[in-house]
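Enquirer: Sharing a structure below in structure tokens format, with a few things to ask.
The values are calculated or read from the model by the stated rules, or taken from the named source; none is laboratory data. This one's a predicted model, so the numbers in the text were calculated from it and none came from an experiment. Using ideal geometry, Cβ is built from the backbone for each residue, glycine included, and neighbour counts are taken over all protein chains shown. Please note that ligands, DNA and RNA were not included when accessible areas were found on the heavy atoms of the full protein model with its side chains. Shrake-Rupley method; radii C 1.70, N 1.55, O 1.52, S 1.80 Å.
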Amino acid sequence: MREFAKKLFGHDQAVLLDRLDEAVRFAPQPTRGLVAKIVAGACTRIPVLSKAGKAARIDRLVESGAWADVALTLIELELPGWTLRRLIREDGQWFCSLSRQPNVPAALDDTADATHEVMPLAILLAFLQARRRTFLGVQTAPTASGLDHAPAGLVCCDNFA
């Protein structure tokens, strides 16, 4: 019975995260309502911190329209093991990458990545990807060798004879 409940909760959470992901992906700009949906659907620590008066910073940032700071604060409060690894703009798209191990080489890191035309929304999408991994236990192991990322012309020259 416990395993069934875990699968059902995982499925419901996956559906909720998919809906939030879609709402952020199609949003033209961040809004107070969008942030409220994310906090209500994907955050477990912030409601507890709000009751203790420790999440007032998010409310102040939302009121001032500091959307990038709102997204980064959500990561800081909700996913303390994650950090911003990369935030770049290329070809009109912002690319955001969050990591649990920012000190390992990028090729070996297991990151939560997202893109969007609007920087705070790219950060929020990456936040949702990281949240999905922590909620659902989705994690791919980083490769131990660089062979998975080796150039196509690489030839092994070891003599196994």
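Enquirer: Within the set of pairs 6+ apart or on separate chains, which have a first residue in the range 49-70 that is farther than 18 Å from Met119 by Cα, a second that is part of a loop (DSSP other than H, G, I, E, B), and C-beta atoms under 9 Å apart?
Expert: Leu49/Ala55; Arg60/Ala66
Enquirer: Can you tell me how many residues within the range 102-126 are touching a residue at least 40 places away in the same chain (Cβ under 8 Å) and farther than 19 Å from Asp69 by Cα?
Expert: Of the residues in that region, 1 qualify.
Enquirer: Right, something else. Quick check on the range 71-80. Is at least one of its residues within 24 Å of Arg100 (Cα to Cα) and in contact with a Pro (Cβ under 6 Å, 6 or more places away or on another chain)?
Expert: So the first thing to find is which residues in the range 71-80 are within 24 Å of Arg100 (Cα to Cα), and the list is 71-80.
Subsequent filtering for residues that are in contact with a Pro (Cβ under 6 Å, 6 or more places away or on another chain) retains 71.
Within the range 71-80 (the criterion being within 24 Å of Arg100 (Cα to Cα) and in contact with a Pro (Cβ under 6 Å, 6 or more places away or on another chain)), the answer is yes, since at least one residue qualifies.
Enquirer: Sticking with this one: In the set Leu49, Leu79, which member is aliphatic (A, V, I, L, M) and open to solvent by less than 20 Å² (accessible area, probe 1.4 Å)?
Expert: Leu79
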